[in-house]
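> Quick one: the structure is below, questions incoming.
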Amino acid sequence: MNGAPIATWNIPLSDGSALDLTPSAGDVYTFIGANGAGKSALASWLSRHTLAERRHRIIAHRQVWFSSAATTMHAPERASELSNFSWVDEQSDSRYVDHRSERSNTILYDMASSVGLHQRRENELFRSGKTADQVGEILGPAPIDQLNSILKAAGLAVELRYGEDNLFYANHARLGAEYPIFQMSDGEKNALLMAAEVVTAPVGQLIIIDEPERHLHRSISASLIENIVTLRSDCAFAIFTHDLELASSLRLTGDVFSVDSCVWNGEEVVSWTLHQVPGDSDLPESVREGILGGRGQILFVEGRASSLDVGLYQLLFPERTIVPAGGSHEVKQAVAGLRKSTAQHWVTAAGIVDGDARSADEREALRDGGVIALPVNEIESLFFISPVLVQVASDQAAHLDTDAATLIAAAKMAAFDQLVASDAIERAALKQARDAINRQVQRSIPAELGTERVSIEVDNPFASLRARYQELLDREEYDSLIRELSIRDTGVPNKIARAMKFSDLTDYQRVARRLLKQDAGLREKLVTMIGPIPA
């Protein structure tokens, strides 16, 4: 959205310069660093240098419980608490002391007020003759609906309801039970409190969130924050974290800065060492080491740091540092280089490259060099392999109140139809054949080039690949097609997503990632399918 700046910051840097930022609505700044680097002190500094009426700060050591399903606060108390918030945010000790004893009570008051205001405006518009569609267009989603959309996107199975008794209730889809919100699990309460605090924030606020992962399970923290940021594009965000996955996902949304260190003068931080992380590069190794410790096991993969594929590799191999190296040649070089370096004996290196219709001999040669080839042509094809497809269909069916088997059948039929209609078999065989021929040529170049002419003769696999793919399509062997074809450019992923009633491919992939985060068994199936990483 952007527009007029909400604040103007001149953050003092340790080299004597300053980082100038002017956050506007829609801007997202993410600051990542190790413990002790000065993140919370910087969050406090940004808060003090933003007008009180334009800021809203959510701190890591916040209260994460409530004892009632309704607020006990009245309007005068809320006004007093609002004034108290402003005072708290300006205190230097706010980075480690939570002065807000009425946090959860205040959030419930704000939610109840938002619900009541929305209902009153709805009634006024209906009385003025507006239709339901017109009212929806004017007011947008109700606060409870906004909150529920965030919780659903984060993978939580609870849906909130505000009853006529002025109590908030949670309806658990999997348990089929409804209960007052104070009986929610700790993780559900934490997510609810953070999401509700953001949903009820006024338009045009700077929302500072300090270490959102502190009280949230890692399986939901990144998706929760991503969806909060998306929903409140009418606000600006400054997010402080040491969650690498969260910072990586937010690179696609806004600017990321690494907080390397800070300089103290007494009890105050007076400057910071900050570096902006380019959108197409990975987080600095110094930051990663500060957060994770020693590098240990490195897994080189194809692609760039900004690729969504990196996130999937991180999900499947959390014990390893994922390093995108470019193409398959660069992956092999990187692995070989580290394996030959005796100075890096504390690092174990391996690599994964795309399947690309590689022969058994090629795969064996790669493994000898510490690199394995995927069982699919590209890593994102794993989103559509049957174990994942079935889980996504089950999740979607629960939300749509339909049958998972129907969604699965529709998805597979859509894939087959797209492969026929788009002439994808011919094009896929042509691409794979060219890639195979190119690899054969590269391997056939003689070491000595003393002669004027070099003749290289290689096999052309085009006809056999085309026949193979056509046979799989004729027999409707879904998983074999997903494994062996390069489906990325065939339109098949989009058709599958639409057939399963998702708005688009991104929506499908978001759900698939969430389910992989939540289901260790599903992740294990994919890891087993990929095969053991070379020792």
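> Going by the structure shown, is Pro324 surrounded by fewer than 16 Cβ atoms within 10 Å (Cβ to Cβ), within 20 Å of the chain's Cα centre (by Cα) and at negative phi? Break it down stepwise before answering.
Working: surrounded by fewer than 16 Cβ atoms within 10 Å (Cβ to Cβ): no; within 20 Å of the chain's Cα centre (by Cα): yes; at negative phi: yes.
It is false that Pro324 is surrounded by fewer than 16 Cβ atoms within 10 Å (Cβ to Cβ), within 20 Å of the chain's Cα centre (by Cα) and at negative phi.
> May I pose another question? Looking at Phe383 and the list (1) within 30 Å of His172 (Cα to Cα); (2) of a type outside the set (Lys, Arg); (3) part of a loop (DSSP other than H, G, I, E, B), which single condition is not satisfied?
(3)
Yes/no per residue for (1) open to solvent by less than 80 Å² (accessible area, probe 1.4 Å); (2) touching a residue at least 12 places away in the same chain (Cβ under 8 Å):
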{"site": "Asp474", "(1), (2)": "no, no"}
{"site": "Glu484", "(1), (2)": "yes, yes"}
{"site": "Arg488", "(1), (2)": "no, yes"}
{"site": "Glu524", "(1), (2)": "no, no"}
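> Please work out which one of (1) hydrophobic (A, V, I, L, M, F, W, C); (2) outside any helix (DSSP H, G or I); (3) at pLDDT below 90 is the condition Leu82 fails and give its number.
For Leu82, the failing item is (2).
> Which residue pairs have Cβ atoms closer than 6 Å, lie 6 or more positions apart in sequence or on different chains, and pair a first residue in segment 415-430 that is surrounded by fewer than 22 Cβ atoms within 10 Å (Cβ to Cβ) with a second residue that is among the small types (Gly, Ala, Ser)?
Once the first residue is surrounded by fewer than 22 Cβ atoms within 10 Å (Cβ to Cβ) and sits in segment 415-430, its partners that are among the small types (Gly, Ala, Ser) give Gln418/Gly491; Ser422/Gly491.
> Working only within segment 19-40, note down all residues that are more than 26 Å from Asn227 (Cα to Cα), out of contact with any Gly (no Cβ under 9 Å at 6 or more places or on another chain) and either open to solvent by less than 50 Å² (accessible area, probe 1.4 Å) or of a type in the set (Phe, Trp, Tyr) (or both).
Leu19, Gly38 - these are the residues of segment 19-40 that are more than 26 Å from Asn227 (Cα to Cα), out of contact with any Gly (no Cβ under 9 Å at 6 or more places or on another chain) and either open to solvent by less than 50 Å² (accessible area, probe 1.4 Å) or of a type in the set (Phe, Trp, Tyr) (or both).
> For Glu159, only one of the following conditions fails: (1) farther than 24 Å from Arg232 by Cα; (2) open to solvent by 60 Å² or more (accessible area, probe 1.4 Å). What is its number?
(1)
> Any chance you could count how many residues in segment 359-375 are of a type in the set (Asp, Glu) and open to solvent by less than 20 Å² (accessible area, probe 1.4 Å)?
So the first thing to find is which residues in segment 359-375 are of a type in the set (Asp, Glu), and the list is 361-362, 364, 368.
Narrowing further to those that are open to solvent by less than 20 Å² (accessible area, probe 1.4 Å): none.
The total comes to 0.
> Just give me the residues in segment 500-522 being more than 17 Å from Ser223 (Cβ to Cβ) and either buried (at least 20 other Cβ atoms within 10 Å of the Cβ) or touching an Asp or Glu at 6+ places or on another chain (Cβ under 6 Å) (or both), in sequence order.
Correct list: Met500 only.
> Step by step: first the residues of segment 440-462, then only those that are without any contact (Cβ under 8 Å) to a residue 12 or more places away in the chain and assigned to a helix (DSSP H, G or I), then the one that is farthest from Arg427 (Cα to Cα). Which residue is that?
Here the residue is Arg443.
> Can you name every residue in segment 166-184 that is over 16 Å from Tyr109 (Cβ atoms) and open to solvent by 60 Å² or more (accessible area, probe 1.4 Å)?
Asn171, Ala173, Arg174, Leu175, Gly176, Glu178, Gln183
> Run down Asn166, Asn148, Asn171 and say which single residue is more than 30 Å from His49 (Cα to Cα), part of a loop (DSSP other than H, G, I, E, B) and in contact (Cβ under 8 Å) with a residue 12 or more places away in the chain.
None of the other options fit; the residue is Asn166.
> It is to be established whether one or more residues within segment 303-313 are under 17 Å from the mean Cα position of the chain (by Cα) and modelled with pLDDT of 85 or more. Full working, then the answer.
As a first pass, look at segment 303-313 and keep what is under 17 Å from the mean Cα position of the chain (by Cα): 304-313.
From the residues that got through so far, the ones that are modelled with pLDDT of 85 or more too are 312-313.
Among the residues of segment 303-313, at least one is under 17 Å from the mean Cα position of the chain (by Cα) and modelled with pLDDT of 85 or more, which makes the answer yes.
> Now for a different question. Step by step: first the residues of segment 194-208, then only those that are under 20 Å from Leu117 (Cα atoms) and of a type in the set (A, V, I, L, M, F, W, C), then the one that is surrounded by the fewest Cβ atoms within 10 Å (Cβ to Cβ). Which residue is that?
Restricting to residues being under 20 Å from Leu117 (Cα atoms) and of a type in the set (A, V, I, L, M, F, W, C), the top hit is Val203.
> If Glu378 meets every condition in (1) under 21 Å from the mean Cα position of the chain (by Cα); (2) surrounded by 20 or more Cβ atoms within 10 Å (Cβ to Cβ) apart from one, which number is that one?
Every condition holds for Glu378 apart from (2).
The values are calculated or read from the model by the stated rules, or taken from the named source; none is laboratory data. Owing to the predicted nature of the structure, the values given are computational and were not obtained by experimental measurement. All Cβ positions, glycine included, derive from the backbone under ideal geometry; neighbour counts span all protein chains shown. Calculation scope for accessible area: heavy atoms of the full protein, side chains included, ligands and nucleic acids excluded. Shrake-Rupley method; radii C 1.70, N 1.55, O 1.52, S 1.80 Å.
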